[in-house]
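For reference, the structure is listed below as structure tokens.
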Amino acid sequence: MESLLVDRRSFLKVTTLAGGGLLLGAYRAAPAHAAGSEFVPNAFIRISPEGVVTILSKNPEVGQGVKTSLPMIIAEELEVDFETVVVEQALADEARYGRQVAGGSQSTPVNWEDHHRFGAAARQMLVTAAALTWGVPESECVASRGAVNHKASGRTLGYGALATKAASLTPPDLKSVVLKDPKDYKIIGRSIPQVDNPKIVTGKPLFGIDVTVPGMLYAVFEKCPVFAGSVRSANLDAVKALPGVRHAFVVDGQKERLDGLMPGVAIVADGWWAAKSAREKLEVVWDEGPTAQQGSASFAAKAAELGPKPGARRLRNDGDVDAALAGAAKTVESAYAYPFIAHAPLEPQNTTAQWKDGKIEIWSPTQNPQPGRQLVATTLGIPESDVTIHMTRIGGGFGRRLRNDFMVEAAWIARAAGVPVKLLWTREDDMRHDFYRPAGFHFLKGGVDASGRIAAWRNHFVTFGDGENTAPSAGMGDAEFPARFLANYRHETSMMPLGVPTGPLRAPGSNALAWVMQSFIDELAHAAGRDPVQFRLDLLGEPRVVKNADGSAAYDAGRMRGVVAAVAEKAGWGRTLPKGRGLGIAFHFSHRGYFAEVAEVSVSASKAVKVEKVWVAGDVGSVIINPSGALHQVQGSVLDGLAELYQEITIEAGRTKQASFPDFPLLRFNEAPPVEVHFVKTDFPPTGLGEPALPPLPPAVCNAIFAATGTRVRTLPITREGFKKA
């Protein structure tokens, strides 16, 4: 993802607000689509004549805390009390703010330096304005707590009083502004409540589902239960006659694009209950299409057929795997399988849209607004400049709202109905029309030598796709650990066609691959008769940076060793446990974060599993911006990973079998174990926390189940291995 830091052709823009005040942002060369505009603004800071400092948060807030943490960075350099700052959600406008997305744990690493410099530039200009006002050297002036002080004379001017004069100054070069020494941070590193907390706990309108606009009607949208199926006929006249119904019509859609406008039937009514009730009377004859022939059972059968054979493609082949396996002291051969999983956010998909004068205005809980704007513009046949998107707070996304199918549905229905419309999916819609975490099948064989180290590793990964293109989020890179750490390593893949939509789920790819790799590593450790922690440290080897083929840094073995050692020490690894209890360890590097976790698990005679406690050690660099937010992100990731051990989406005849939470259980409060979190500080720029703590949890728990019972979990959900919740 691009950095927002402006280049030499760019400059700061300072604007005097109506009635006085300062608006500061950064300008850079306009993107190609902004025809006729040489430069476009990137405004983040607004200071009123009354001294009110407003900081705009650019990225979608999906519970990861960026609406608090990103403004904290600016406020730190600006030298204001964060408690006095007004934080606003920015409009979706990438030409103005740069890349706006909630995904990939990218918000911190992408914006860390730029946001420092935006705040520091504003502070410098305010200091200059004060020095000019008093006729004193800038070196004698110090900014602090929303004011500039002249120590020699004891004079003070607040930012509001200085804003207009500061706006008249030549702005500094962003690359040369002086940043604070981290030891002087007053805001960064301090636990600060999320800025939306008061509205959340008092039930104030905040989320997409809360939006209302004058004259708004409510819409529901019925799609084929088989993905990409289309409408043959529907009893529209009967539906239109029902109480409260204003419109009912067929949407032809674009079934060739699963993340766009699907075919279906829209119903628009005075209230959502009227629309939902009318939907229950809707009778549709569907053309189900070829996906009706697909299902989870047939996928598993085909994978079992392909798995023992050589893969269709060989993505990596280091050393001589066959010879090393033949000469190994012991070999282990295992097959692992994991299912499709839904995102299951608590807030179902929704969008409010208003069509007026050939333009569309949208209020939507989207994680990725710019592709949504492009999708709406293309589908409606209008310029992107005629699409306005207001980003609302998101009641859970986990990657689901990176897709904007619900946004384009609302936009299309609003235009067709000619009135503002709120489209609200039911829970069943949300469960059955998701972009699922793809299932996968791994057929592994590994060998250990006489010294108890891994001699060879072979993996045939059976996944979904066509030719060389895997389905979204269904791939596995040729550098997936333990690749590059073993002399003899082979990774092959075969693919099956898929009509079921898939996409990223929190820690995409890693959430499943870590379970497979760390579970099989554990199998090899036990086959070698080695301690699982020491076995992993030996596999990582000496502290070093393993590089990509292009020479760029890729995997820091030293940082991973640090978190493995830390979590083992915190969990008391090696202590004696009573019968039926076990400790399991796992680690994983993803989204620039190094994490290791230990789970303590008890298993009853009836195979009821209880996770007693989880210890986490993570390395995300030198600074934790907001410790309370960081703690919540790590704990939430761990609990998400625990829930996934019991979750499954089953496809039968091209349709999703599960419908709601009774079929797809979320973790309950009484099932949540204590999660003890430790951060290992290292001398690296800070990175994100929304995802990297999740992947080690499933294998840590499954490895602990093995330690407690001697039974290895190789199929998820763990209920398929006979285990259940305690």
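Hey, which of the strands (runs of 3 or more DSSP E) in region 376-455, taking only ones fully inside, have at least 1 residues that are in contact with a His (Cβ under 6 Å, 6 or more places away or on another chain), at pLDDT 95 or above and among the hydrophobic types (A, V, I, L, M, F, W, C)?
Here the list reads 440-448.
Of the residues Arg145, Arg117, which single one is surrounded by fewer than 21 Cβ atoms within 10 Å (Cβ to Cβ) and touching a residue at least 12 places away in the same chain (Cβ under 8 Å)?
Arg145
Of (1) touching a helix residue (DSSP H, G or I) at 6+ places or on another chain (Cβ under 7 Å); (2) without any contact (Cβ under 8 Å) to a residue 40 or more places away in the chain; (3) surrounded by fewer than 13 Cβ atoms within 10 Å (Cβ to Cβ), Ser139 satisfies all except one. Which?
Condition not satisfied by Ser139: (1).
Determine the pairs where a residue that is within 11 Å of Ala617 (Cα to Cα), located within region 585-606, has a partner that is of a type in the set (Val, Ile, Thr) and in a loop (DSSP other than H, G, I, E, B) with Cβ atoms under 6 Å apart, the partner being 6 or more residues away or on another chain.
Gly593/Val620; Gly593/Thr687
How do the pairs read when you match residues in region 53-64 that are under 18 Å from Gly98 (Cβ atoms) with residues anywhere that are surrounded by fewer than 24 Cβ atoms within 10 Å (Cβ to Cβ) and among the acidic types (Asp, Glu), using Cβ under 6 Å and keeping only pairs 6 or more apart or on different chains?
Leu56/Glu88
For region 350-375, give me each residue that is of a type in the set (A, V, I, L, M, F, W, C) and either modelled with pLDDT under 95 or in a helix (DSSP H, G or I) (or both).
If the condition is that a residue be of a type in the set (A, V, I, L, M, F, W, C) and either modelled with pLDDT under 95 or in a helix (DSSP H, G or I) (or both), then Leu375 is the only one that fits.
Any idea how many residues of region 320-372 are under 23 Å from Trp515 (Cβ atoms) and polar (S, T, N, Q)?
Result for region 320-372: 2.
Can you find, within region 411-456, the residue that is nearest to Thr502 (Cα to Cα) among those that are β-branched (Val, Ile, Thr) and surrounded by fewer than 21 Cβ atoms within 10 Å (Cβ to Cβ)?
Ranking the candidates gives Thr426 first.
Based on what the data block shows, is Gly618 outside the structural domain of Asp181 (by TED's automatic domain parsing), farther than 23 Å from Phe684 by Cα and modelled with pLDDT of 95 or more?
In short, no.
Being farther than 18 Å from Ala630 by Cα, under 16 Å from the mean Cα position of the chain (by Cα) and not acidic (Asp, Glu) narrows it down to one residue among Gln100, Gln106; which is it?
The match here is Gln100.
Answer yes if at least one residue in region 199-208 is among the hydrophobic types (A, V, I, L, M, F, W, C) and either touching a Lys or Arg at 6+ places or on another chain (Cβ under 7 Å) or in a loop (DSSP other than H, G, I, E, B) (or both), and no otherwise.
yes
Look through Pro243, Pro225 and report the one residue that is in a loop (DSSP other than H, G, I, E, B) and farther than 16 Å from His433 by Cα.
Pro243 is the lone residue from the list that is in a loop (DSSP other than H, G, I, E, B) and farther than 16 Å from His433 by Cα.
If you check every pair at least six apart or on different chains, which have Cβ atoms under 9 Å apart with a residue in region 213-225 that is closer than 15 Å to Lys255 by Cα and outside the structural domain of Ala248 (by TED's automatic domain parsing) first and a residue that is modelled with pLDDT under 95 and assigned to a strand (DSSP E or B) second?
Going by the 9 Å Cβ cut-off, there are no qualifying pairs.
The values are calculated or read from the model by the stated rules, or taken from the named source; none is laboratory data. All values derive from a computational prediction rather than experimental measurement. All Cβ positions, glycine included, derive from the backbone under ideal geometry; neighbour counts span all protein chains shown.
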